[in-house]
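Take a look at the structure below.
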Amino acid sequence: MALDGITIHALVHEFNNNLLNGKINKISQPEKEELLITINTSDGNKRLLISANASLPFMYITKDNKTAPAVAPGFCMLLRKHIGAGRIIEISQMGLERAVRFKIQHLNEMGDITFKYLYIEIMGKHSNIIFCNEDNMILDAIKHVPSSVSSIREVLPGRDYFIPAQEGKINPLESNEEHFKDTVLKRSDSIFRAIMSSYIGISPTIANEICYRANIDSDASCASLFDEHKQKLWDAFNGMMQEINNDKYTYNIVIDPAKNAPVEYAPIKLQMYQDMDSKDYDSMSEVLVEYYAKRNKYTNIRQKSSDLRKIITNHIERCAKKLDLQLKQLKDTNKRDKYKLYGELLHTYGYEAKPNDKSITVINYYDNNEITIPLDPDLSASDNAKKYFDKYAKLKRTAEALDTYIDQSKQELELLKSIEASLNIAETETDLSDIRRELSDHGFIKKHSSNKKEKSKKSKPLHFVDDNGFDIYVGKNNYQNDELTFKFATGNDWWFHTKKIHGSHVIIKTYGKELPDSSYEYAAELAAYYSSGRDTDKVEIDYLQKKNVKKPAGAAAGFVVYYTNYSIMVSPTLEHVKLVGEE
């Protein structure tokens with residue numbers, strides 16, 4: 001569910017209770033389209049995180065801090081200059097639009113009280129953070145929108161700020177029964193679409209919930225409604241709007257119990273999800289942090305890793321094509337034994353050939369069958385034999401060289417795919433630095449000079465504790481896998497890895513104790529989760545004691561061999577483990 005007008009309404013209520021009259025202490029821009037504003041309130045410092053990212057826009061109060069860049073972007077510097085010590089004196093929603101206005105009082109250079117407006121628009125790909133003076137003239141925005149991008153509204157310094165009107169839509173909090181029955185329910189559309197397209201700020205989820213509370217099929221046509229149905233729909237609609245108008249919220253996330261995954265969230269109880277579990281929260285921000293924080297982190301890492309992903313993909317494609325060509329060339333060398341046979345038979349039967357013969361048929365003394373050997377009529381039988389032996393020798397040398405090249409190409413392809421798997425589970429910028437370093441060490445990208453502090457900064461393996469209290473460690477890249485398996489783990493610890501697909505090395509520490517059967521499953525589930533098979537239902541995992549895992553001489557980091565192991569089929573999940581931080 002995207003942040004609709006009703007969710008924004010709940011957020012504004014929360015912001016007024018927590019941020020109103022607060023003094024802005026700090027403004028940072030941790031991401032290109034993201035602001036983190038620290039506000040000093042009577043209850044201490046509060047952090048407001050705002051994202052205008054087109055794929056994942058949001059805003060909420062959070063306890064978490066984020067690292068800001070060493071040099072602040074221009075938009076951030078402008079905000080610091082004008083409202084860095086300002087006081088928030090008003091927080092309001094624009095109708096029921098997905099837009100919030102912060103009115104900020106501050107002192108100008110002359111010491112006079114003046115006002116600025118910060119508009120937060122959470123509108124999908126059109127999301128933006130816009131800074132205006134007291135006359136509503138735009139001073140700057142986190143995203144500029146020229147006329148070449150939008151003919152309806154330019155978002156540029158010097159332009160007047162306004163929100164484009166939504167034709168035919170009104171604020172549902174100001175609606176009445178007559179309009180609802182005689183205008184909304186007279187549309188030639190399905191009921192939920194009629195509600196959604198008639199009112200500002202109502203999402204498909206809320207429109208469907210209204211229909212569910214009225215016990216009416218949301219996909220039914222408005223034309224099929226009788227008066228009693230219209231009354232039920234109005235009662236359900238009006239009842240919900242009264243809840244929202246009176247700020248009576250039930251902040252909750254609907255969870256699919258089968259997948260243990262969030263399905264939907266809302267500031268009101270979603271009765272239509274009766275078969276699902278529901279978890280209540282104390283605030284809308286808590287809901288959004290729970291629902292969006294991981295997705296936001298994932299989105300940011302995906303954006304920051306796009307260059308690495310492109311590099312790895314290009315190298316994989318190039319290496320796969322090279323390997324394919326080498327295998328075809330190797331197949332062409334299979335005829336070398338035929339040329340060797342021709343040469344041997346010509347040495348034996350060459351005397352039977354007559355001058356200018358284009359071929360000779362002789363008995364193959366290896367199988368006693370007749371065989372016809374093509375001849376160059378301009379050469380003698382012995383010279384033809386020499387020519388065939390030369391061809392044989394050349395193809396033999398080619399085949400021997402190709403065997404080496406093919407082995408190298410296969411190793412290179414496996415290495416690239418293992419790095420790609422590491423990239424898919426990367427969670428921090430330090431993880432990306434490790435991957436960049438590995439690509440550099442293997443010559444896939446150029447080495448870049450960095451200071452000692454950057455060189456010493458390396459990510460650590462993940463550390464989990466399972467339901468039985470055993471420590472489990474997960475490598476996030478090949479270097480970590482190597483260190484976990486051959487430096488950190490002891491001989492009697494257990495080692496887990498996906499069978500025949502790329503994934504992390506997983507170590508469960510025994511400390512000399514016997515592992516319960518369930519701990520083997522929990523470690524295997526971790527190995528499945530941190531692998532290329534994360535999105536599949538079942539993954540086969542090999543496991544054995546670490547002392548039986550060997551590293552071939554000269555093998556790249558993360559590559560091992562083993563000959564005796566157990567196997568188990570598990571589902572990728574983190575259900576039975578708890579992350580306790582990086583070691």
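The values are calculated or read from the model by the stated rules, or taken from the named source; none is laboratory data. Everything numeric here is computed off the predicted structure, so don't read it as measured data. Cβ coordinates were reconstructed from backbone atoms using ideal geometry, including for glycine residues, and neighbour counts include every protein chain displayed.
Numbers for the structure displayed
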| item | result |
| --- | --- |
| Matching residues in the range 216-254 - criterion: being of a type in the set (V, I, T) and assigned to a helix (DSSP H, G or I) | I244 |
| Qualifying residue in the range 370-379 (condition: free of Cβ contacts under 8 Å to residues at least 24 places away in the same chain and either part of a helix (DSSP H, G or I) or under 30 Å from S440 (Cβ atoms) (or both)) | no |
| Selection count where residues are small (G, A, S) and either surrounded by fewer than 22 Cβ atoms within 10 Å (Cβ to Cβ) or part of a loop (DSSP other than H, G, I, E, B) (or both), scope the range 499-517 | 2 |
| Some residue of the range 206-222 being closer than 30 Å to Y60 by Cα and without any contact (Cβ under 8 Å) to a residue 12 or more places away in the chain | no |
| Verdict on D182 being surrounded by 14 or more Cβ atoms within 10 Å (Cβ to Cβ), modelled with pLDDT under 95 and of a type in the set (D, E, K, R) | no |
| Checklist (1) part of a loop (DSSP other than H, G, I, E, B); (2) within 26 Å of M123 (Cβ to Cβ); (3) β-branched (V, I, T) applied to T67, failing item | (2) |
| Within the range 524-568, considering residues that are part of a strand (DSSP E or B), out of contact with any Lys or Arg (no Cβ under 8 Å at 6 or more places or on another chain) and of a type in the set (S, T, N, Q), the one nearest to P461 (Cα to Cα) | S531 |
| Single residue of Y473, Y520 found to be surrounded by fewer than 21 Cβ atoms within 10 Å (Cβ to Cβ), of a type in the set (S, T, Y) and modelled with pLDDT of 90 or more | Y520 |
| The range 123-152, subset touching a Phe, Trp or Tyr at 6+ places or on another chain (Cβ under 7 Å) and assigned to a loop (DSSP other than H, G, I, E, B), residue surrounded by the fewest Cβ atoms within 10 Å (Cβ to Cβ) | E134 |
| Residue identified as modelled with pLDDT of 90 or more, among the hydroxyl-bearing types (S, T, Y) and not assigned by TED's automatic domain parsing to the domain that holds R318 among S380, S359, S440 | S440 |
| Single unsatisfied condition, I104 versus (1) within 34 Å of the chain's Cα centre (by Cα); (2) surrounded by 15 or more Cβ atoms within 10 Å (Cβ to Cβ) | (1) |
